[in-house]
Protein chains: 2
Amino acid sequence: MSTATLPSATLPSDALAQRLADSGLRSTPQREVIYDVLLKKRDHPTADEVFARVKSELPTVSLATVYNCLETLVSCQLVRAVNFERGPTRYCPNLSPHAHFHDEQSGQTHDIELPPALLKKVHAVLPRGYDATSVEIIFRGKATRSSEQRAASSQPTRS
Amino acid sequence: MSTATLPSATLPSDALAQRLADSGLRSTPQREVIYDVLLKKRDHPTADEVFARVKSELPTVSLATVYNCLETLVSCQLVRAVNFERGPTRYCPNLSPHAHFHDEQSGQTHDIELPPALLKKVHAVLPRGYDATSVEIIFRGKATRSSEQRAASSQPTRS
DNA sequence: ATCATAGTTTGGAATGGTTCTAAATAGCAC
DNA sequence: GTGCTATTTAGAACCATTCCAAACTATGAT
C-alpha cells in the first residue's frame with residue numbers, strides 16, 4: 001500500500017520498512033527510531049551512544065535491543081559497522097563506498113569518499129585466488145581542521 | 001657494542017635486542033621467545049595462540065606477560081597488531097607495507113603486498129586537512145586456494 | 001661481591017563491549 | 001479473539017584485554 005512501486009529509497013522510514021520486509025523482518029518502533037537516530041547524527045556512534053539517543057524517544061528500550069536492531073540494520077545493508085582497533089563498534093548509515101579516517105586527537109571518525117576507479121585499483125592488488133566481497137580502508141592520523149569546523153566554520157574551542 | 005655497527009636487521013634476536021635497546025628497554029627471555037614465535041609461524045596468531053606456543057618453551061609465562069610483550073614489540077615497530085571486526089587482536093611480524101585478506105571460510109589471514117604506487121594513490125583520496133599517519137586495508141572474502149597450497153607450491157614465508 | 005634501584009613478570013581481579021538466555025510482549029494470520 | 005512467531009527485555013554470562021600489587025631480575029654504584 002501507500003507509496004506503492006515508487007523506488008523511494010530516499011525516504012528513511014519507507015526504505016527501512018522496505019528493506020526489512022525484503023528480509024522477511026518486521027518494521028518495529030525500535031528499529032525505526034534507531035535507524036532515524038543514525039541518520040540524524042552521522043557521527044559514527046557506538047551502540048552505547050545510540051542507546052542514549054534512543055532512550056529519549058523510547059525510554060524503555062534496552063541495550064540488548066539496540067544491539068539487536070543495529071545488527072539487523074547491518075544485515076539488511078542499511079548500515080555499516082566499523083571497527084577501530086579495539087574500540088567499540090561504530091555504526092554508519094552511509095552506504096556509498098567510502099573509507100574512514102580516524103582522528104586520533106578528537107576520536108572522531110570521518111567518511112572519505114572513494115572514487116570507483118581507486119576501489120578498482122585497490123582490488124587489483126589481490127593475487128589470483130583471492131576473491132574479496134568487501135574492502136575496508138581505515139586511515140589514522142589527525143585532521144588539522146575537523147569536520148565540524150569544516151561544516152560550521154565558526155566552532156568555539158573544542159574540549 | 002658486541003656485533004658493532006653492522007646493520008644486522010635480518011638476525012631476529014639481534015634485531016630485537018637492538019630495537020629494545022633503542023627504546024631503553026631490556027631484552028628478556030619472554031620478549032625473545034615471543035618474537036621468535038611470531039617469526040616462526042606467520043599465521044597472525046592471537047595473544048592466546050602466542051601464549052600457547054610460548055608455553056612449551058617457557059612453561060611459566062603468564063598471559064599478562066604475553067600481552068605486555070606483544071604490546072612492547074608493537075611499540076618498537078617490530079610487530080603489527082591487526083584487528084578484524086570484533087575478533088581478538090592478531091599479531092604480524094611483517095613490516096613491509098601490506099594489506100590483509102581475511103578468509104571468511106577458514107578464518108585465516110593473508111598478507112597482501114601493497115605496491116608503493118598504490119599506497120600513494122590511496123593516500124591521495126584524503127582531502128586537504130587530513131593528515132594520515134597510517135592506513136589499514138582489509139579485504140574480506142574467500143581465498144579459493146588457501147595459503148598453505150600457495151606456500152607449499154612456491155614462496156617460503158620469509159620475505 | 002653486595003645492595004639499591006628500576007625494569008619485568010606474574011596471577012588474579014577487574015573492566016568493558018558484546019552476546020546469550022529465558023521470559024514477557026506485540027503483531028499478524030486465520 | 002486465538003494461536004503462532006517475531007521481537008523486546010533485563011540480567012547473566014562471556015571473552016579479550018587491562019589493571020594491580022607483589023615477587024623477581026638485571027644492572028650500576030659502592
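Measuring spread by the Cα atoms of the stretch A:96-152 yields a radius of gyration and Dmax of 14.2, 47 Å.
Dipole magnitude of the stretch B:48-154 about its Cα centre, charges +1 at Lys/Arg Cβ and -1 at Asp/Glu Cβ only, in debye to the nearest 20? Intermediate results must be reported in sequence, preceding the final value.
On the way: 12 positive and 12 negative charges, 62 e Å.
For the stretch B:48-154, the charge dipole is close to 300 debye.
Straight distance only, please: which lysines reach the Cα of residue B:121 with their own Cα at less than 23 Å, same-chain residues fewer than 8 apart left out? By straight Cα distance, residue B:121 reaches A:120, A:121, A:142. Straight-line cross-link reach from residue A:41 at under 16 Å between alpha-carbon atoms covers these aspartates and glutamates, not counting any fewer than eight positions away in the same chain: A:32, A:49, A:57, A:111, A:148.
Counting neighbouring beta carbons within 10 Å and listing from fewest to most, the residues A:40, B:55 come out as A:40, B:55. With the charge dipole of the stretch B:60-143 set up from +1 on Lys and Arg Cβ and -1 on Asp and Glu Cβ about the Cα centre, the Cα lying farthest toward the positive end among the listed residues B:81, B:127, B:93 is that of B:127.
Bear in mind that the values in this text are calculations on the coordinates, not laboratory data. This one's a predicted model, so the numbers in the text were calculated from it and none came from an experiment. Counting neighbours? That spans all protein chains shown, and the Cβs are built from the backbone with ideal geometry, glycine included.
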